[in-house]
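**Q** This is the structure, below, for whatever I ask next.
Derivation of every value follows stated rules applied to the coordinates shown; laboratory data play no part. All of these numbers come straight from a predicted model, not from anything done at the bench. Cβ placement follows ideal geometry from the backbone for every residue including glycine, while neighbour counts extend to all protein chains displayed.
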Amino acid sequence: MNIIWVTNIALPEASLLMNEKPTPFGGWFVSTAARLADEDSIELSIAFPKNGLRTVQILKGEKINYYAFPLLKEKDIRSNKKNLYLEKILDKAKSGIVHIFGTEYAHTLAMVDVCQKKNINTIISIQGLVSIIARHYMAGLPAKIQNRFTVRDFIRQDNLKQQQSKFIKCGIFEIEALQKIKHIIGRTTWDQACTYQINPVSKYYFCNETLRDEFYKHTWDIEKCEKHSIFVSQGSYPIKGLHFMLEAMPLILKRFPDTKLYVGGQEIIKFDTLKEKLKISSYGKYIKELIRRYNLGKSVVFTGILDEQQMCERYLKSHVFVCPSSIENSPNSLGEAMILGVPCVASGVGGVIDLLTHKEEGFVYQTDAPYLLTHYVCEIFSSDDLALEFSKKARKHAMKTYDVQTNLNTLLSIYEQICNE
């Protein structure tokens, strides 16, 4: 079978072939792609958008062929049915199946249209669904924060309301792509329910994702973690719920004054130099205001962007992992914490309830109730026995959810079913 993946980022091998530094994002693509390419029955190609290109760039990897194509913009999407770059990729790769990851990108609808024109089997794997996520974008944010502009927001025309509007706009194209597709791959009750409402005649296939390799190699040890430390894997935009976590912190600190919150990803609150002041976003400014309001300056640490190994180390050092999002499908961050055995507390949104069983493998709480988040974090801090019980059971669950060979076999079976049709 000739399979073309369409991703939104370059995989590390492709970046190196372009003499660029690989990014730490999308690591779960790498694991599955490598194993899929090892299959004798599969010829795998991966296409991805790249800013600055004027034509298709073909890169020959060790086992995978890569196709970088010019970045598509939403304003040009109605002309994308005639996208000659995507047609060229399909002709070169001689695809039997095109497998698109993510629904919110301009190239997704463009590729769906081109595949329909050429009568090529097409699958979309659901990551998030921006048409649904947009409804939850402002959860817990005061109206004045939603409407505020910083200098950066004004220049980019990208304050919180405008960000939400972009999600809504991308959601229109997302819905059109899903309505045109016959085959959808998902992994939670949430994405199945949402996609069925958008396209009730599509065929839904269940297939879990595989995590980054490093997370299968280690196990959390309560004796080696930093006691009373909390890790939130990212917080750069509102749906990740960092503001909810900060509202819980003063209550946690009353009981455990030495608590430290570590926040992964970009440090959005930098405000020391003139350049940093000009670049801060409304959400970053709000987070900075919350830290000042609750006197959390010594209790919150932004780690910066971490690579795969550094991320794994940060999890292992943590006493509790928290996923405070206002909406998620199947957060890989929660999966990574669970498979390592880090005790978890997660908001019960989207597909989270399929991943973590409340009071058996961790705690699940109402997303806009920071007082419940406080209670559950303190419960784990207070009892090593509870932490160890959650660690063991969550890890056992995650080892099944993210089993490498099972997920690969499931994906191959889906490809075979579609080819047989």
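**Q** Between Leu278, Leu306, Leu408, which gets the highest mean-square fluctuation from a Gaussian network model of the chain, Cα cutoff 10 Å?
**A** Top of the fluctuation ranking is Leu278.
**Q** Then there is this: If one takes the longest principal axis of the Cα atoms in the chain, at what angle in degrees, from 0 to 90 and to the nearest 10, does the Cα axis of helix 189-198 lie?
**A** With both axes taken from Cα atoms, the answer is about 50 degrees.
**Q** Hey, another quick one. 222 nm [θ] for the chain, helices only, -39500 (n - 2.57) per DSSP H run of 4+, per residue, to 500?
**A** Rounded to the nearest 500, the figure is -13500 deg cm²/dmol.
**Q** Using the Cα centre of the chain as the reference point, and only Cβ charges (+1 on K/R, -1 on D/E), how large is the resulting charge dipole? Debye, rounded to the nearest 20.
**A** So the dipole magnitude of the chain works out to roughly 1680 debye.
**Q** Report relative contact order for the chain in percent, whole number only (criteria: Cα-Cα under 8 Å, sequence separation at least 6).
**A** After rounding, I find 14 percent.
**Q** Label the stretch 1-72 by shape, choosing from rounded, prolate and oblate, from the square roots a ≥ b ≥ c of the eigenvalues of the Cα gyration tensor; if a/c is under 1.5 it is rounded, and otherwise prolate applies when a/b is larger than b/c, oblate when it is not.
**A** Prolate.
**Q** How much length, in nm to one decimal, is gained on full extension between Cys419 and Lys118, taken as 0.36 nm per residue of separation minus their Cα-Cα distance?
**A** 106.8 nm
**Q** Next question, about the same structure. Note down the net charge around Pro331, summing +1 for each Lys or Arg and -1 for each Asp or Glu among other residues with Cβ under 12 Å from its Cβ.
**A** The answer is -2.
**Q** Also, I was wondering about something else. Can you give the % of DSSP beta bridges in the stretch 214-401 that are antiparallel, to the nearest 5?
**A** Close to 5 percent.
**Q** Same structure, new question: Can you tell me, using C-alpha contacts under 8 Å and at least 6 residues apart, the relative contact order of the stretch 263-417 as a whole percent?
**A** 18
**Q** If the cut-off is a Cα-Cα distance under 17 Å, which aspartates and glutamates reach Lys50, setting aside same-chain residues fewer than 8 apart in sequence?
**A** Glu13, Glu20, Glu74, Asp76, Glu87, Glu104
**Q** What FRET efficiency do you get for Glu87 and Ile172 if R0 is 22 Å and r is their Cβ-Cβ distance, rounded to the nearest 0.05?
**A** 0.40
**Q** I'd like to know which of Gly27, Ala47, Ile64 lies farthest towards the positive end of the charge dipole of the stretch 2-99, counting +1 on Cβ of Lys and Arg and -1 on Cβ of Asp and Glu.
**A** The one lying farthest along the dipole's positive direction is Ala47.
**Q** Something else: By how many nm would the segment from Thr23 to Ala143 lengthen if fully extended, with 0.36 nm per residue of separation less the alpha-carbon distance?
**A** Extending this stretch completely gives an extra 39.7 nm.
**Q** Using alpha carbons only, how many degrees (0 to 90, rounded to 10) separate the axis of helix 384-401 from the longest principal axis of the chain?
**A** Between the helix axis and the principal axis of the chain, the angle is about 0 degrees.
**Q** Roughly how tilted is helix 160-180, in degrees to the nearest 10 and between 0 and 90, from the longest Cα axis of the chain?
**A** Helix 160-180 sits roughly 40 degrees off the main axis of the chain.
**Q** With just the Cα atoms defining each centre, how far is the stretch 18-42 from the stretch 350-421? Give it in Å.
**A** 24
**Q** If you take the charge dipole of the stretch 214-401 about its Cα centre, with +1 on Lys and Arg Cβ and -1 on Asp and Glu Cβ, which of Ala337, Ser382, Gly265 is farthest toward its positive end?
**A** Going by the charge dipole, the pick is Gly265.
**Q** DSSP beta bridges in the chain, what fraction antiparallel, as a percent rounded to 5?
**A** 10
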